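The next block holds one structure in the form of structure tokens; read it before the comments.
The values are calculated or read from the model by the stated rules, or taken from the named source; none is laboratory data. Worth saying up front: this structure is predicted, and the values here are computed from it rather than measured. Methodologically, a virtual Cβ is constructed for each residue, glycine included, from the backbone with ideal geometry; neighbour enumeration extends over all protein chains shown.
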Amino acid sequence: MPIVLPRASAFALVLAAALLAAVADAHGADSTHVRSSGAHDKPAGLTHSKTTHHYHLLPDGGAIEVTARDAADTLSRNAIRAHLSRVAQMLSAGDFSESMLTRDPTAPGTADMQRLGGTIHYRFETVDGGGRVLIATRNARALVAIHDFLRFQITEYKTGDPLEVLNVDH
């Protein structure tokens, strides 16, 4: 069953996504594109050099996925799952008080995701080596906003993920 969140929570997920991107060292991105100083490692419980972040555009929204770079690294896998689960709980409660959650609160799609938050659903799930937060909506404007935001993340952090909508089941 999808989690329905208050309006402000949509903005919180956007901010949480920015946090995840800020600690990413995704697919060869250099430190000028991903601030990988480790400053966010402690609050998130993640080590940027041991995790990979992906952003996927899906027909009904998108996904933010984080996995351990090494399949045998159960410590990172467990930290990812705990962090994303906590993020989902915070968002469900409308809590986006952690100041380190944002790098660029004006990213494309952010304002509309905040405004249309009541039409956006979020769900945490585990994946091999980590976890993901699924973002779904039936609202056409919210869908555009989600896709705009995820495209910004892909481009800004040079993850190499497709900028087109994937036709996959999730």
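Considering only the range 59-170, give the helices (runs of 4 or more DSSP H) lying wholly within it that have at least 1 residues that are modelled with pLDDT of 95 or more and buried (at least 21 other Cβ atoms within 10 Å of the Cβ).
Details: elements: 74-92, 110-115, 140-156.
Ranges flagged: 74-92, 140-156.
Among the residues of the range 46-58, which ones are without any contact (Cβ under 8 Å) to a residue 60 or more places away in the chain and either assigned to a helix (DSSP H, G or I) or surrounded by 20 or more Cβ atoms within 10 Å (Cβ to Cβ) (or both)? Give the derivation first.
Taking the range 46-58 and keeping what is without any contact (Cβ under 8 Å) to a residue 60 or more places away in the chain, we get 46-50, 52.
Across the range 46-58, the qualifying residues are Leu46, His48, Ser49, Lys50.
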